[in-house]
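Visitor: Below is one structure. I have some questions about it.
The values are calculated or read from the model by the stated rules, or taken from the named source; none is laboratory data. In this text, all values refer to a predicted model and were calculated from it rather than measured experimentally. As a convention, Cβ positions derive from the backbone with ideal geometry for all residues, glycine included, and neighbour counts pool all protein chains shown. Just so you know, the surface numbers come from the protein's heavy atoms only, side chains and all, with ligands and any DNA or RNA stripped out. Shrake-Rupley method; radii C 1.70, N 1.55, O 1.52, S 1.80 Å.
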Amino acid sequence: KARKRFGQNFLHDTAVIDRIIRAIHPQASEHLVEIGPGQGALTESLVSSGAELDVIELDKDLLPMLKLRFGLKDNFRLHEGDALKFDFTNLTTTPASLRVVGNLPYNISTPLIFHLLSHAHLLRDMHFMLQKEVVKRMCATHGNGDWGRLSLMVQYHCQVEHLFNVGPGAFTPAPKVDSAIVRLTPHRELPHPAQDYQALQRVVREAFNQRRKTIRNTLKNLLPESAIIAADVDSTKRPEQLDLAAFVRLADQLALLNKA
Ligand code: SAM
């Protein structure tokens, strides 16, 4: 029986499963990581591609079945535990090598994506099933109500592609929301590198804590007006009107102040 607290909605629609696998197109030479294999809906095709496959599953009750189905395959490794705490550097040190896949538990999808972004240099790409609304936020551009911390931090690291939508009927039990498949491909070279990544995280978090206010007001505890002007940002604008490059310039000003 599916457990709500683990965000379990198992995929049963084979047409949807096939479409996801075609989008990922796994190859025997690759190294895949599946988050939340559940009852193995996607795992089956991932294993049979011949790729190295590490799976991370939190629900102990699912482990015996996963071991029974896949335990004998020598390209399959099962990790019991919380993907939010998983150290991906245990799997590889090769840059841009891991391909992450997951029909994610929707209750933890945002923190999980932030956790993965902290390992972005190791990742070649990610394919996720998410709430459609979350994918919309990831794909948003500035000037739009969906533009916020998630859009900014995901786009700082990755190219984002909305691939296709999936209706609730593809899952058991059916979720209350529409879903979508998204592909995130970490940039080999960051288009807007910040001098200090933590400064960027602080500025973005602080700015969007009060998204209705002006930048001057939301950042008043972090940056004096002169620093906002030095960043070439109009301090009367609201955070959702500023693009990624503007946030990086603000973060670079904060980094400068921190150094002084
Ligand atoms: N991949 C399966 C499918 O498509 O049918 C299951 C998807 S279900 C939406 C999410 C899965 O993630 C469940 O198996 C759940 O137990 C697991 N899960 C939930 N929280 C987790 C966590 N923190 N770390 C790893 N797995 C987790």
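Visitor: Only one residue in LEU219, LEU190 is surrounded by 18 or more Cβ atoms within 10 Å (Cβ to Cβ) and on the phi < 0 side of the Ramachandran plot, so which one is that?
Guide: Numbers: LEU190 fails: surrounded by 18 or more Cβ atoms within 10 Å (Cβ to Cβ).
Sole residue among the options that is surrounded by 18 or more Cβ atoms within 10 Å (Cβ to Cβ) and on the phi < 0 side of the Ramachandran plot: LEU219.
Visitor: Evaluate the following for ALA207: is it of a type in the set (A, V, I, L, M), farther than 24 Å from CYS158 by Cβ and touching a helix residue (DSSP H, G or I) at 6+ places or on another chain (Cβ under 8 Å)?
Guide: Values: of a type in the set (A, V, I, L, M): yes; farther than 24 Å from CYS158 by Cβ: no; touching a helix residue (DSSP H, G or I) at 6+ places or on another chain (Cβ under 8 Å): yes.
So ALA207 does not fit the description; no.
Visitor: Continuing with the same structure: Are there any pairs with C-beta distances below 7 angstrom linking a residue in region 127-152 that is free of Cβ contacts under 8 Å to residues at least 60 places away in the same chain to a residue that is open to solvent by 70 Å² or more (accessible area, probe 1.4 Å) and part of a helix (DSSP H, G or I), with the two at least 6 apart or on different chains, and if so which?
Guide: ASP146/LYS136; ASP146/ARG137; ARG149/ARG205; LEU150/ARG137; SER151/ARG137
Visitor: Which members of region 40-57 meet the condition of being surrounded by fewer than 18 Cβ atoms within 10 Å (Cβ to Cβ) and within 13 Å of the ligand (Cβ to nearest atom)?
Guide: GLU44, SER45, listed by residue number.
Visitor: Right, next: Go through the residues of region 112-131 one by one and say whether even a single one is open to solvent by 70 Å² or more (accessible area, probe 1.4 Å) and outside any loop (DSSP other than H, G, I, E, B). Give the steps one after another, and end with the answer.
Guide: Step one: of region 112-131, the residues open to solvent by 70 Å² or more (accessible area, probe 1.4 Å) are 118, 121, 124.
Next cut, outside any loop (DSSP other than H, G, I, E, B) only: 121, 124.
Within region 112-131, one or more residues are open to solvent by 70 Å² or more (accessible area, probe 1.4 Å) and outside any loop (DSSP other than H, G, I, E, B).
Visitor: Kindly establish whether GLY145 is among the small types (Gly, Ala, Ser) and in a helix (DSSP H, G or I). Steps first, please.
Guide: Numbers: among the small types (Gly, Ala, Ser): yes; in a helix (DSSP H, G or I): no.
The answer is no for GLY145.
Visitor: Please work out which residue is farthest from ASN103 (Cα to Cα), limiting yourself to region 148-178 and to residues that are in contact with a strand residue (DSSP E or B) (Cβ under 7 Å, 6 or more places away or on another chain), open to solvent by less than 10 Å² (accessible area, probe 1.4 Å) and not in a strand (DSSP E or B).
Guide: Within region 148-178, the match that is farthest from ASN103 (Cα to Cα) is VAL154.
Visitor: For region 67-105, how many residues are within 12 Å of the ligand (Cβ to nearest atom), out of contact with any helix residue (DSSP H, G or I) (no Cβ under 7 Å at 6 or more places or on another chain) and either open to solvent by less than 20 Å² (accessible area, probe 1.4 Å) or over 18 Å from HIS127 (Cβ atoms) (or both)?
Guide: The qualifying residues number 5.
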